[in-house]
Amino acid sequence: MARPKTRSDGLIERTRTINGKKMHFYGHTAKEVQAKIDAAVREAAEIREKGPLFEDVADAFWTDKEQKLKYNTRRGYRHAVETAKGWFEGYGMREISTTDIARCLSRMEAQSMAYKTIANQRSVISMIFRFWCTNMGGDRNPCDLLRLPQGLPQTKRRAPTDAEIEKVKAHTDGFGLCAAFAMYAGLRRGEVMALQKKDLAGGKISITKAVVWHSNVPEIEPPKTANSIRKVPILAPLAEALGNRLDGLKANDYIFGGAQPYTHAQFINAWQQYCVSIGCAHSTGAEYDYFKRSRPGKTQHKHTIAPDFTLHQLRHEFASVLVQCDVSPQVAKELMGHADIATTQKWYAEAKSWAIEDAEKALNAHFSRKKIVKDEN
């Protein structure tokens with residue numbers, strides 16, 4: 001054993017390598033130094049057995065992940081990371097079992113949280129464990145064996161009603177052009193807001209960017225995923241809605257906003273006014289101060305108005321029509337800018353009333369033919 005080194009300040013120094021890390025220990029006596037070494041060895045053994053603290057791994061994961069996320073995604077991820085840290089603070093990574101995680105997710109279910117919220121929480125916990133395995137010497141991910149609670153509430157996005165669609169088709173003037181881009185080209189809201197005159201050429205729409213609102217301020221960012229970069233044909237009804245609307249715009253002008261895209265407030269106001277103008281808005285029952293006073297001096301109130309459907313729901317309509325027109329799944333996926341056609345089929349495709357009527361006629365014809373053949377025999 002090497003003799004302990006005495007420093008100029010009178011402290012005894014000894015060096016040990018523990019878990020591959022060189023560490024220095026100081027004390028007034030050799031016994032004090034040895035006690036510190038023994039404590040460090042015990043702590044290292046405990047860490048090897050239990051793994052690093054969950055909150056330390058979660059913080060390291062978030063430092064690495066945050067810079068890779070788009071602005072609108074960070075908030076949800078951050079909340080899920082903080083929620084998980086609240087559940088497992090003080091636990092070593094190897095102490096956390098599949099059952100522990102399932103129990104916490106079940107509490108979310110008991111609070112009537114939606115499927116997507118709980119699934120996102122599970123996903124973030126799984127990513128933290130994967131980060132530990134990939135970057136910090138971890139060796140297990142209990143989420144691999146985890147199933148989400150059964151029967152969780154799921155909210156399926158609906159396509160607008162047939163009556164709503166007819167109103168949109170009849171009113172593509174003004175801000176209705178925004179609705180036309182969603183309904184006849186399947187564009188997302190941010191993609192529509194990012195369109196410049198130069199993006200419409202040769203009968204195609206080039207989608208290479210999207211507006212993301214940082215609070216109220218529009219910022220141009222890459223679209224949602226790599227699959228979102230695509231070219232979409234300008235169909236006849238959209239070409240009719242465009243008419244000569246692009247005349248007078250410069251190549252770099254935004255179709256909605258001119259030199260700069262709409263702010264979030266401008267978009268919300270324009271969409272609400274459009275829906276009101278075509279009779280597709282309703283009172284929420286809530287009221288707000290109108291900052292005007294009636295003759296007796298009382299503050300006047302107005303009812304809050306909300307659109308009956310969103311711009312994104314018109315994108316659902318486009319997806320529904322793709323399915324009803326028997327467009328191949330691969331082509332539909334490309335037009336919608338999805339990474340997986342299952343997304344289109346699960347969340348967007350809706351059976352339209354006319355399609356059900358056509359199916360009824362086809363089925364009646366089929367069974368009628370079978371009855372005639374049977375009677376003839």
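The values are calculated or read from the model by the stated rules, or taken from the named source; none is laboratory data. Quantities reported herein were computed from a predicted structural model and do not represent experimental measurements. No Cβ is skipped: glycine too gets one built from the backbone with ideal geometry, and neighbour counts run over all protein chains shown. SASA here: full protein model, heavy atoms, side chains in, ligands and nucleic acids out. Shrake-Rupley method; radii C 1.70, N 1.55, O 1.52, S 1.80 Å.
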What number of residues within segment 1-53 are within 30 Å of residue 96 (Cα to Cα), of a type in the set (Val, Ile, Thr) and free of Cβ contacts under 8 Å to residues at least 40 places away in the same chain? 4
Does at least one position in segment 255-273 carry a residue that is over 26 Å from the mean Cα position of the chain (by Cα) and under 21 Å from residue 307 (Cα atoms)? yes
Flag if residue 102 is buried (at least 16 other Cβ atoms within 10 Å of the Cβ) and either among the aromatic types (Phe, Trp, Tyr) or under 30 Å from residue 226 (Cβ atoms) (or both): no
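Might you check whether a residue that is in a loop (DSSP other than H, G, I, E, B), more than 21 Å from residue 169 (Cα to Cα) and modelled with pLDDT of 80 or more occurs anywhere in segment 281-290?
There is no residue in segment 281-290 that is in a loop (DSSP other than H, G, I, E, B), more than 21 Å from residue 169 (Cα to Cα) and modelled with pLDDT of 80 or more.
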Any chance segment 262-269 includes a residue that's surrounded by fewer than 15 Cβ atoms within 10 Å (Cβ to Cβ) and free of Cβ contacts under 8 Å to residues at least 24 places away in the same chain? yes
Select, from 38, 64, the only residue that is farther than 30 Å from residue 220 by Cβ and open to solvent by 40 Å² or more (accessible area, probe 1.4 Å). 38
Keeping to segment 134-172, report how many residues are at pLDDT below 95 and assigned to a loop (DSSP other than H, G, I, E, B). 21
Sole miss for residue 225 among (1) touching a strand residue (DSSP E or B) at 6+ places or on another chain (Cβ under 6 Å); (2) open to solvent by 30 Å² or more (accessible area, probe 1.4 Å) is condition (1)
Output the residue which, of all residues in segment 250-271 that are touching a helix residue (DSSP H, G or I) at 6+ places or on another chain (Cβ under 7 Å) and either modelled with pLDDT under 95 or not in a loop (DSSP other than H, G, I, E, B) (or both), is farthest from residue 179 (Cα to Cα). 267
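Yes/no per residue for (1) in a helix (DSSP H, G or I); (2) open to solvent by less than 70 Å² (accessible area, probe 1.4 Å); (3) closer than 19 Å to residue 331 by Cβ:
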{"position": "213", "(1), (2), (3)": "no, yes, no"}
{"position": "220", "(1), (2), (3)": "no, no, no"}
{"position": "232", "(1), (2), (3)": "no, yes, yes"}
{"position": "241", "(1), (2), (3)": "yes, yes, no"}
Any residue in segment 76-98 that is under 16 Å from residue 148 (Cα atoms), surrounded by fewer than 15 Cβ atoms within 10 Å (Cβ to Cβ) and polar (S, T, N, Q)? yes
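Filter segment 15-41 down to the residues that are in contact with a helix residue (DSSP H, G or I) (Cβ under 6 Å, 6 or more places away or on another chain) and at pLDDT 85 or above, then identify the one that is farthest from residue 136 (Cα to Cα). Show your work before the answer.
We begin by selecting, within segment 15-41, every residue in contact with a helix residue (DSSP H, G or I) (Cβ under 6 Å, 6 or more places away or on another chain); these are 16, 18-19, 25, 27.
Still in the list and also at pLDDT 85 or above: 16, 25, 27.
Numbers: 16: 22, 25: 25, 27: 31 Å.
The residue in question is 27.
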Quick check, is residue 58 among the hydrophobic types (A, V, I, L, M, F, W, C), out of contact with any His (no Cβ under 6 Å at 6 or more places or on another chain) and under 20 Å from residue 93 (Cβ atoms)? yes
Could you tell me whether segment 81-93 includes any residue that is in contact with a Cys (Cβ under 6 Å, 6 or more places away or on another chain) and modelled with pLDDT of 95 or more? yes
